[in-house]
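Q: Here it is, the structure in full.
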Amino acid sequence: MSITFVKKLPSATEVKNDFPMTEELAAIKRERDAEIRKIFTGEDNRFIFIIGPCSADNETAVLDYLTRLAGVQEKIRDKILIIPRIYTGKPRTNGTGYKGILHQPDPLMDANMVEGLYALRKMHIHAIRETGMTAADEMLYTENWKYVDDILSYVAIGARSVEDQQHRFISSGMDVPVGMKNPTSGDFTVMMNSCVAGQNSQTFCYAGHQCTSSGNDLTHCILRGGLNKHGNSIPNYHYDDLMRLVESYQSFPNLKNPACIVDANHNNSGKKWDQQPRIVEEVLLSRQHSKDIHDMVKGVMVESYIEDGNQPVDGGCYGKSITDPCLGWDKTEKMLLEMADKII
């Protein structure tokens, strides 16, 4: 039993020097970050859609999708702020399967994380340059944050990472919103304690240093459903679930900017990707019925790509997910336009 050191990864400084953020792109990010912050603090009443492919597996297709998304954003910007998903690492429940562009820049080739680091940064930067939209990504590995800390406007902590101390502590040092998903068990307490850890100053080891963080006041909850003891999906996006989260926030009075994003896929939909528009609509109805829910629920998360559903890694269909099934473009555009009319 052993660990084999295959390749030494380039430093974050090296990767950033090869693919730098220009001042023009950095200015776009600063403006976007300020807009997003105001939504989470309640200064801006717009609704957030964190939307895009389950995994960003192909730069050409991802940029094609994002260009379409940017066109819709112009039509609904008074009601909705879109944060595109560019997820470059894919958590795998049992460790097998495609793990994202970080691992495999070419899904049909062997893992190459050196090329993957360059590929993911290049894709994020190209997306900002071509669409003017900064993106969300999932922090699968805490070591990766230093490679993307200047390009992301939103970070999600997954259901299997949310109890990990290192993920919590790194989140406390970020300057963008960090969403803590409920664990696969559905336990709200785990998620709430993660928010407490993220919002407070922490001391920890990272990148070979003793570090101290300032605390991130935009750390918040993501409801993504859970599993019962038989492995069946249990949704937590219904009105009663949202009211329970309102009450949970009230029991943690020191948490700032109480906020929630509802994940319309995963165990909330039972991975039935075509149910996502219905779930989003129900969330909006709950916001209309309760001011507490309205003020707390800042947005939704949707898995969407060019083509409906998913395919094997070697399927060959352009713009179709090779991980979890996604809502296709025609249904996505229809959903965004219709939901904009329902937001009050």
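Q: Considering every pair of different Cα atoms, what Kirkwood radius, in Å, is found for the stretch 186-248? Mind dumping the intermediate values first?
A: Values: mean 1/r = 0.0725 Å⁻¹.
One decimal place: 13.8 Å for the Kirkwood radius.
Q: Moving to a separate point now. Beyond 17 Å, how much of the Cα-Cα pair distribution for the stretch 121-260 remains, as a whole percent?
A: 61 percent
Q: Just to verify a number: FRET efficiency for Glu74 and Gln210, C-beta to C-beta distance, R0 = 45 Å, to 0.05?
A: 0.45
Q: With just the Cα atoms of the stretch 218-344, tell me how far they stretch along each of the three principal axes, in Å, largest first.
A: Projected onto its principal axes, the Cα set of the stretch 218-344 covers 51, 39, 24 Å.
Q: While we're looking at this one, here's another question. If eta is 0.890 mPa s and T is 25 °C, what Stokes-Einstein diffusion coefficient results for the stretch 1-160, Kirkwood Rh from Cα pairs, in µm²/s? Display every interim value, and only then the final one.
A: Working: Rh = 16.5 Å.
Using the Kirkwood radius from Cα pairs, D works out to 148 µm²/s.
Q: Taking H placed 1.01 Å from N in the peptide plane, check which residues at least 5 places from Thr219 or on another chain put their amide H under 5 Å from its amide H.
A: The list, which skips near neighbours in sequence, is Val178.
Q: Translational D (Stokes-Einstein, µm²/s) of the chain at 25 °C and 0.890 mPa s when Rh comes from the Kirkwood sum over C-alpha pairs?
A: Approximately 122 µm²/s, per Stokes-Einstein.
Q: If each residue's Cβ is checked for other Cβ atoms within 10 Å, how do Arg121, Arg224, Arg168, Arg77 rank with the fewest at the top? Can you show the working numbers first?
A: Working: Arg121 22, Arg224 28, Arg168 25, Arg77 13.
Fewest to most other Cβ atoms nearby, the residues stand as Arg77, Arg121, Arg168, Arg224.
Q: List the residues, sorted by chain then number, that are 5 or more residues from Tyr206 or on another chain and whose placed amide H is less than 5 Å from its amide H.
A: It is Cys211, by chain and number.
Q: Do the sum for the chain: with -39,500 (n - 2.57) for every DSSP H run of n ≥ 4, divided by all residues, what is the mean residue ellipticity at 222 nm, to the nearest 500 deg cm²/dmol?
A: -12000 deg cm²/dmol
Computed from the coordinates by the stated procedures, all read-outs in this text should not be read as laboratory data. Just so you know, these numbers come straight off a predicted model, no measurement behind them. As a convention, Cβ positions derive from the backbone with ideal geometry for all residues, glycine included, and neighbour counts pool all protein chains shown.
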